[in-house]
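The values are calculated or read from the model by the stated rules, or taken from the named source; none is laboratory data. None of the values given here were measured: they were computed from a predicted structure. Note that each Cβ is placed from the backbone with ideal geometry, even for glycine, and that neighbours are counted across all protein chains shown. Accessible surface areas use protein heavy atoms only, side chains included; no ligands, DNA or RNA. Shrake-Rupley method; radii C 1.70, N 1.55, O 1.52, S 1.80 Å.
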Number of protein chains: 2
Amino acid sequence: MSTVAGKRLRIGEVAELTGTTPRTIRYYEEIGLLPDSGARAQGQHRCYTDADVARMREILRLKDLLGLSLEQLSKLLEAETARAELRQEYQQAEDAATQRRILEEALGHIAGQLELVTDRKRQLDQLERELVERSRTLRERLAELSA
Amino acid sequence: MSTVAGKRLRIGEVAELTGTTPRTIRYYEEIGLLPDSGARAQGQHRCYTDADVARMREILRLKDLLGLSLEQLSKLLEAETARAELRQEYQQAEDAATQRRILEEALGHIAGQLELVTDRKRQLDQLERELVERSRTLRERLAELSA
DNA sequence: TGCTAAACTGACGTTAACGTAAAGTTCTCG
DNA sequence: CGAGAACTTTACGTTAACGTCAGTTTAGCA
C-alpha cells in the first residue's frame, strides 16, 4: 500500500524503516524471533519484504507497550510465524479445511494478544484512578490551606 | 491501616511483602531509588516502615506497568522522594508557604506520572482497536469460507 | 571490470538488574 | 548467655539484548 509490492529490501533499509539497527535484526533472527533466512536466495545478503517490516514493527510495538522479553514474544508470536510461513500456502490451498484451520489459528493468536493488552489496560486504568484520587486529595489540602 | 502503625520491619519481611528479595531492596537503595538508610539507628540492620513497603510497591508497579528503567524511575520519583523525606517536616511546618510548596511539588509529581499512564493507555487503546479489527476481518473470512 | 558502500560472519565487549557466595556481625529467644 | 537465624558488606557471577570491531564477501554501478 505504502510502497510497491514485491519490493526487495536490504537489512539496512529495514533497520532504518523500523528505527533499529542491522545488528538487532540479525539478533532477532538468531533467536528465532524473525524467520530464519535459511532460504536466502543464492546470494549471501538477507532480503526482506514489506511484510517483514510490518512484522518487525509489530514486534517492537508489543515489546515496548507490554514490556515483554524477546523470549516471551517468541512464544506469543509462534503461531503468527507459522501463519506467515503458510501465507502463500494458504492462497493456494484448495483444501477448505486447511484454510479454516489456518484462520482459526490466527484468530486464537490474536485473541492471546488481545488478552494481554486488555489486561494491561485494566491495570493502567486502576493506577490512573488512584493517581487522580491522590491528586484530588492534594488539591483539597491546598484549598484548606488557603482557607 | 492494614497493620499497626509504627511497626518496624526488617529487610526480609519487606522483601516478602513486596514479592522481591533483600538483594533487590539493597540494590535499589544503592542506586538511590530507595532512601539511603544512612541514618540507620545505632545498629547495623536496616529497618523499614509501612510507608516504605508502600513506596516499594509503587516502584515495582510503575516499573512493571510502564516498563521504565530504574534510572527513569529515579528521576520520575525524585520529587516524591524529597516529599517523603519532608513528610515530618511538613507536619510541623508552621510556615504555610512551605506547606504549600510541598503540596504543589507533590501535585506536579503526580501529574507527571499521570501523563505517562494516560499516554500509555492511549497507545494500548490504539493497539486494541487494531487487534479487534483484525479479529473481525478474520472472522469474516471464516464466514465466507463456510458459505 | 574494478571500486566502494553495504552486508556477512564470528567473536568479544557492555549495561542493567539483579543472583550468589563468603566471611563476619547482630538480633532474639530459649 | 549462648546459639542459630537473619542481617551486614564485599565482590565476583549471570542473563538479556544488543554494540562494536575485524576480516572477508557481495552488490551494483561508472
* Residue tally, condition farther than 15 Å from B:Thr21 by Cβ, in contact (Cβ under 8 Å) with a residue 40 or more places away in the chain and in a helix (DSSP H, G or I), over the range B:44-56 -> 2
* To do: Out of A:Gln123, A:Gln99, A:Gln44, report the one residue that is open to solvent by 60 Å² or more (accessible area, probe 1.4 Å) and modelled with pLDDT under 95.
  => A:Gln44
* Do you know which of the residues in the range B:57-76 that are farther than 18 Å from B:Glu29 by Cβ and in a helix (DSSP H, G or I) is farthest from DNA strand D (Cβ to nearest atom)? -> B:Arg61
